[in-house]
Amino acid sequence: MSRIGRLPVPIPAGVTVEVKDGNVVSVKGAKGTIERTMPAEMGIEVKDNEVVVTRPNDLKKNKALHGLTRSLINNMVIGAHQGFTKTLEINGVGYRANKQGKKLVLSLGYSHPVEMEDPEGIETKVEDNKIIVSGISKEKVGQYAAEIRGKRPPEPYKGKGIKYDYEVIRRKEGKTGKK
(Lines give C-alpha, C1' and ligand atoms only; values in the text may rest on other atoms or scores of the structure.)
Protein backbone atom coordinates (compact mmCIF):
# COMPACT_ATOMS: atom_id res chain seq x y z
CA MET A 1 0.00 0.00 0.00
CA SER A 2 1.27 3.49 -0.85
CA ARG A 3 2.28 5.31 2.32
CA ILE A 4 1.22 8.66 0.92
CA GLY A 5 -1.76 7.38 -1.08
CA ARG A 6 -3.48 5.68 1.83
CA LEU A 7 -3.49 8.82 4.00
CA PRO A 8 -6.86 10.60 3.89
CA VAL A 9 -6.86 14.28 2.88
CA PRO A 10 -8.50 16.34 5.67
CA ILE A 11 -10.93 19.00 4.46
CA PRO A 12 -10.69 22.20 6.55
CA ALA A 13 -13.74 24.30 7.47
CA GLY A 14 -14.91 26.54 4.62
CA VAL A 15 -13.65 24.21 1.89
CA THR A 16 -15.91 21.98 -0.22
CA VAL A 17 -14.70 19.09 -2.39
CA GLU A 18 -16.82 17.59 -5.17
CA VAL A 19 -16.01 14.56 -7.30
CA LYS A 20 -17.84 14.71 -10.63
CA ASP A 21 -18.10 11.91 -13.18
CA GLY A 22 -14.92 11.33 -15.16
CA ASN A 23 -12.91 11.74 -11.91
CA VAL A 24 -13.02 15.54 -12.13
CA VAL A 25 -12.25 16.91 -8.67
CA SER A 26 -13.47 20.44 -7.87
CA VAL A 27 -12.31 22.23 -4.71
CA LYS A 28 -13.91 25.51 -3.56
CA GLY A 29 -12.41 27.57 -0.77
CA ALA A 30 -11.77 31.07 0.53
CA LYS A 31 -9.06 31.78 -2.07
CA GLY A 32 -10.97 30.44 -5.09
CA THR A 33 -11.91 27.33 -7.04
CA ILE A 34 -9.58 24.72 -8.56
CA GLU A 35 -10.69 21.93 -10.87
CA ARG A 36 -8.58 19.05 -12.16
CA THR A 37 -9.18 15.74 -13.93
CA MET A 38 -7.61 12.88 -12.00
CA PRO A 39 -6.55 9.49 -13.47
CA ALA A 40 -9.62 7.38 -14.30
CA GLU A 41 -8.20 4.27 -12.56
CA MET A 42 -8.24 5.87 -9.10
CA GLY A 43 -11.29 5.75 -6.84
CA ILE A 44 -11.93 9.09 -5.11
CA GLU A 45 -14.53 9.41 -2.35
CA VAL A 46 -15.47 12.22 0.02
CA LYS A 47 -16.59 10.99 3.45
CA ASP A 48 -16.70 12.64 6.93
CA ASN A 49 -14.68 15.75 5.98
CA GLU A 50 -11.94 13.65 4.35
CA VAL A 51 -11.04 12.65 0.80
CA VAL A 52 -9.99 9.02 0.43
CA VAL A 53 -8.13 7.77 -2.67
CA THR A 54 -8.17 4.05 -3.49
CA ARG A 55 -6.53 2.03 -6.25
CA PRO A 56 -7.98 -1.00 -8.05
CA ASN A 57 -4.90 -3.26 -7.93
CA ASP A 58 -1.17 -3.36 -7.21
CA LEU A 59 0.17 -2.76 -10.72
CA LYS A 60 3.25 -0.53 -10.69
CA LYS A 61 1.44 2.21 -12.64
CA ASN A 62 -1.49 2.25 -10.20
CA LYS A 63 0.85 2.33 -7.19
CA ALA A 64 2.53 5.43 -8.64
CA LEU A 65 -0.78 7.11 -9.52
CA HIS A 66 -2.17 6.42 -6.02
CA GLY A 67 0.29 8.67 -4.20
CA LEU A 68 0.29 11.25 -7.00
CA THR A 69 -3.50 11.58 -6.99
CA ARG A 70 -3.61 11.99 -3.22
CA SER A 71 -0.86 14.64 -3.31
CA LEU A 72 -2.57 16.59 -6.10
CA ILE A 73 -5.88 16.63 -4.19
CA ASN A 74 -4.08 17.68 -0.99
CA ASN A 75 -2.37 20.56 -2.84
CA MET A 76 -5.72 21.64 -4.29
CA VAL A 77 -7.32 21.69 -0.82
CA ILE A 78 -4.40 23.66 0.70
CA GLY A 79 -4.38 26.08 -2.27
CA ALA A 80 -8.12 26.78 -2.07
CA HIS A 81 -7.91 27.23 1.72
CA GLN A 82 -4.76 29.33 2.20
CA GLY A 83 -2.91 29.56 -1.14
CA PHE A 84 0.77 29.17 -1.97
CA THR A 85 3.58 31.72 -2.09
CA LYS A 86 7.18 31.73 -3.26
CA THR A 87 9.61 34.53 -2.49
CA LEU A 88 12.48 35.48 -4.79
CA GLU A 89 15.36 37.83 -3.94
CA ILE A 90 17.16 40.08 -6.41
CA ASN A 91 20.87 40.63 -5.69
CA GLY A 92 23.17 42.84 -7.73
CA VAL A 93 24.01 46.49 -8.35
CA GLY A 94 21.34 48.06 -10.54
CA TYR A 95 19.14 44.94 -10.51
CA ARG A 96 15.56 45.84 -9.60
CA ALA A 97 11.94 44.93 -10.15
CA ASN A 98 8.79 47.05 -10.59
CA LYS A 99 5.08 46.33 -11.02
CA GLN A 100 3.17 48.08 -13.81
CA GLY A 101 -0.42 46.88 -13.57
CA LYS A 102 -0.29 43.12 -14.27
CA LYS A 103 3.25 43.37 -15.67
CA LEU A 104 6.43 42.61 -13.77
CA VAL A 105 9.30 44.74 -15.15
CA LEU A 106 12.78 43.49 -14.29
CA SER A 107 16.03 45.46 -14.77
CA LEU A 108 18.68 42.74 -14.78
CA GLY A 109 21.73 44.26 -16.41
CA TYR A 110 20.58 43.58 -19.96
CA SER A 111 20.33 46.35 -22.57
CA HIS A 112 16.54 46.24 -22.20
CA PRO A 113 14.07 45.76 -19.33
CA VAL A 114 12.56 42.27 -19.11
CA GLU A 115 8.74 42.40 -18.99
CA MET A 116 6.68 39.46 -17.76
CA GLU A 117 2.87 39.31 -17.78
CA ASP A 118 1.33 37.69 -14.67
CA PRO A 119 -0.46 34.45 -15.69
CA GLU A 120 -4.13 34.03 -14.84
CA GLY A 121 -4.61 33.14 -11.17
CA ILE A 122 -1.10 34.30 -10.20
CA GLU A 123 -0.30 37.56 -8.43
CA THR A 124 3.12 39.12 -7.92
CA LYS A 125 4.16 41.79 -5.42
CA VAL A 126 7.46 43.68 -5.26
CA GLU A 127 8.86 44.74 -1.88
CA ASP A 128 12.37 46.24 -1.87
CA ASN A 129 14.55 43.53 -3.47
CA LYS A 130 11.96 40.75 -3.06
CA ILE A 131 9.39 39.42 -5.53
CA ILE A 132 6.49 37.52 -3.92
CA VAL A 133 4.61 35.16 -6.24
CA SER A 134 1.27 33.91 -4.89
CA GLY A 135 -1.75 31.95 -6.12
CA ILE A 136 -3.96 28.95 -5.45
CA SER A 137 -2.22 26.46 -7.75
CA LYS A 138 1.08 25.14 -6.34
CA GLU A 139 2.12 24.03 -9.82
CA LYS A 140 1.54 27.44 -11.46
CA VAL A 141 3.16 29.41 -8.61
CA GLY A 142 6.27 27.22 -8.77
CA GLN A 143 6.44 27.38 -12.57
CA TYR A 144 6.11 31.18 -12.73
CA ALA A 145 8.69 31.64 -9.93
CA ALA A 146 11.08 29.37 -11.87
CA GLU A 147 10.51 31.40 -15.06
CA ILE A 148 11.31 34.65 -13.22
CA ARG A 149 14.45 33.08 -11.70
CA GLY A 150 15.44 31.81 -15.16
CA LYS A 151 15.71 35.38 -16.52
CA ARG A 152 18.93 35.85 -14.49
CA PRO A 153 19.89 32.85 -12.33
CA PRO A 154 22.38 33.57 -9.53
CA GLU A 155 26.02 33.23 -10.46
CA PRO A 156 28.63 31.75 -8.09
CA TYR A 157 31.35 34.45 -8.28
CA LYS A 158 29.58 37.61 -7.11
CA GLY A 159 26.21 36.10 -6.15
CA LYS A 160 24.32 38.41 -8.53
CA GLY A 161 20.98 37.35 -9.96
CA ILE A 162 17.54 36.19 -8.86
CA LYS A 163 17.36 33.44 -6.25
CA TYR A 164 14.74 31.87 -4.00
CA ASP A 165 14.77 33.28 -0.46
CA TYR A 166 15.77 29.89 1.00
CA GLU A 167 18.41 29.16 -1.64
CA VAL A 168 22.08 29.24 -0.67
CA ILE A 169 24.51 30.17 -3.42
CA ARG A 170 27.80 28.28 -3.20
CA ARG A 171 30.43 30.90 -3.88
CA LYS A 172 33.55 30.25 -5.92
CA GLU A 173 36.90 31.95 -5.72
CA GLY A 174 37.84 34.04 -8.74
CA LYS A 175 40.94 33.74 -10.90
CA THR A 176 44.35 34.16 -9.31
CA GLY A 177 47.23 35.74 -11.20
CA LYS A 178 50.53 33.91 -11.88
CA LYS A 179 53.73 35.17 -10.27
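What the table below lists for this structure:
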quantity: From the options Lys140, Lys175, residue that is over 13 Å from Glu89 (Cα atoms), out of contact with any Leu (no Cβ under 9 Å at 6 or more places or on another chain) and assigned to a loop (DSSP other than H, G, I, E, B); calculated: Lys175
quantity: Residue list for the stretch 1-15, restricted to those being surrounded by 13 or more Cβ atoms within 10 Å (Cβ to Cβ) and part of a strand (DSSP E or B); calculated: Val9
quantity: Test: residue in the stretch 83-94 that is acidic (Asp, Glu) and surrounded by fewer than 16 Cβ atoms within 10 Å (Cβ to Cβ); calculated: no
quantity: Given (1) in a loop (DSSP other than H, G, I, E, B); (2) open to solvent by less than 20 Å² (accessible area, probe 1.4 Å), number of the condition Ser111 does not satisfy; calculated: (2)
quantity: Test: residue in the stretch 66-89 that is basic (Lys, Arg), over 18 Å from the mean Cα position of the chain (by Cα), at pLDDT below 95 and over 19 Å from Ser134 (Cα atoms); calculated: no
quantity: The stretch 30-63, residues that are part of a helix (DSSP H, G or I) and open to solvent by less than 70 Å² (accessible area, probe 1.4 Å); calculated: Asn62
quantity: Qualifying residue in the stretch 146-160 (condition: touching a helix residue (DSSP H, G or I) at 6+ places or on another chain (Cβ under 9 Å) and closer than 30 Å to Lys31 by Cβ); calculated: no
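The values are calculated or read from the model by the stated rules, or taken from the named source; none is laboratory data. Values in this document were obtained by computation on a predicted structure and should not be read as measured data. As a convention, Cβ positions derive from the backbone with ideal geometry for all residues, glycine included, and neighbour counts pool all protein chains shown. The protein model used for the area step is the full one, side chains on, heavy atoms only, and it has no ligands, DNA or RNA in it. Shrake-Rupley method; radii C 1.70, N 1.55, O 1.52, S 1.80 Å.
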